[in-house]
Amino acid sequence: MGTGNYAYEAHDAIVRQRANASDQEVFRQTGCHPLMNPKGVLVRESRDSNNHSNSLAIAFALDVSGSMGTIPVLMARKLLPQFMKILLNVRVPDPQVLFMTVGDATCNQAPLQVGQFESTAELMDQWLTWCYLEGGGSGPHESYELALYFLAMHTALDCWEKRKKRGYLFMTGDEIPYPKLSRRIVETVIGDRLDDDLTVEEVVAELQKTFVPFFVIPDQERRRNCEKRWRDLLGDHVICMDSPEDVCLVTAGALALCERVAPDLDALGKMFHDAGMPKDRIKLAARALKPLSKVIA
């Protein structure tokens, strides 16, 4: 997947057309969309093409529990075009974006939903708004490790296979993963048969072979729930925001820092400004990215 060209104007028009629509009219699914059901899926592919000779895989794994449903709504109604505009402005080559959702496999009907890697505004928006915002969840865990496993075992990326360049994962959430990935859950939700349960550390290690993973926490209050555990797993690749409104700025900024297209926060701030981002959001995004910038510099 990933054919076609991205047009910011087309994406902005899609968002503007739904300005007066309710959230329920934007996200209409009342269950997992059949094409996002991971059961039996062999692979989701991010491939080069004539239009995209240097593809870069980017996955958003969005927690859609009751406390986290704000982020996918913000992305669909306002923020995703901003993310893409920043990447285009800083000349990140040929981004291909996949959306997936995360819930709790012990109680949700759709604990994992997975789209395709796409390059066009229309298809990115389609997969995002096909997500079923199931809600629920009561903490302190969500099945993040199930999504990590799928990306590690069921994706094929030309950026890695041809150029040994890992893709990027931005997972949003406010809870901790389960300590082990149950082989029973894997078989039920994805269809794979494992000999044993896997520790979350084993799953992360496998994922890191092909992806650079980040965990993005929506605000300062909720960082207390989960920051320490995620730092144990991902080190400095945990981003604590001040508001869900900053999700596309901080994810685009983290990618720009890792890709070295922004050498420091000052350069990144200028890139945000040149892309027309609001000054107050730039300031908050820079604060969230400051720890990462010190490590990468």
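Observations on the model:
- Any hit, the stretch 117-124, residues being aliphatic (A, V, I, L, M), more than 14 Å from the chain's Cα centre (by Cα) and closer than 12 Å to D63 by Cβ: no
- Scoring Q29 on the criteria (1) in contact (Cβ under 8 Å) with a residue 40 or more places away in the chain; (2) in a helix (DSSP H, G or I) leaves a single failure, condition (2).
- Comparison of V102, V26, V41, V64 shows that the only residue that is of a type in the set (A, V, I, L, M) and farther than 26 Å from H141 by Cβ is V26.
- Within the stretch 32-55, being free of Cβ contacts under 8 Å to residues at least 24 places away in the same chain and either assigned to a loop (DSSP other than H, G, I, E, B) or closer than 19 Å to T120 by Cα (or both) holds for one residue alone: N50.
- Residue that is crowded, with 20+ Cβ neighbours inside 10 Å, in contact (Cβ under 8 Å) with a residue 40 or more places away in the chain, on the phi < 0 side of the Ramachandran plot and touching a Phe, Trp or Tyr at 6+ places or on another chain (Cβ under 7 Å), where the choices are I58, I71: I58
- Pairing residues of the stretch 263-290 that are among the basic types (K, R) with residues that are surrounded by 13 or more Cβ atoms within 10 Å (Cβ to Cβ) and assigned to a helix (DSSP H, G or I), at Cβ distances under 7 Å and at least 6 apart in sequence or on separate chains, gives R281/E245; R281/D246; R281/L249; K290/L265.
- Annotation: of all residues in the stretch 168-188 being assigned to a loop (DSSP other than H, G, I, E, B) and either of a type in the set (S, T, N, Q) or touching a Pro at 6+ places or on another chain (Cβ under 7 Å) (or both), the one that is farthest from G135 (Cα to Cα) is S182.
- Helices (runs of 4 or more DSSP H) completely within the stretch 204-297 that count 3 or more residues being of a type in the set (A, V, I, L, M, F, W, C) and either out of contact with any helix residue (DSSP H, G or I) (no Cβ under 8 Å at 6 or more places or on another chain) or modelled with pLDDT of 95 or more (or both): 223-234, 247-258, 279-296
- Some residue of the stretch 239-258 being of a type in the set (S, T, Y) and either under 21 Å from S143 (Cα atoms) or touching a residue at least 60 places away in the same chain (Cβ under 8 Å) (or both): yes
- Evaluating H33 against the criteria (1) buried (at least 20 other Cβ atoms within 10 Å of the Cβ); (2) in contact with a Phe, Trp or Tyr (Cβ under 6 Å, 6 or more places away or on another chain) leaves one unmet condition, (1).
- Taken over the stretch 8-26, residues that are loosely packed, with under 15 Cβ neighbours inside 10 Å and in a loop (DSSP other than H, G, I, E, B) amount to 4.
The values are calculated or read from the model by the stated rules, or taken from the named source; none is laboratory data. Keep in mind that what you see is a predicted model, and the values were worked out from it rather than measured. All Cβ positions, glycine included, derive from the backbone under ideal geometry; neighbour counts span all protein chains shown.
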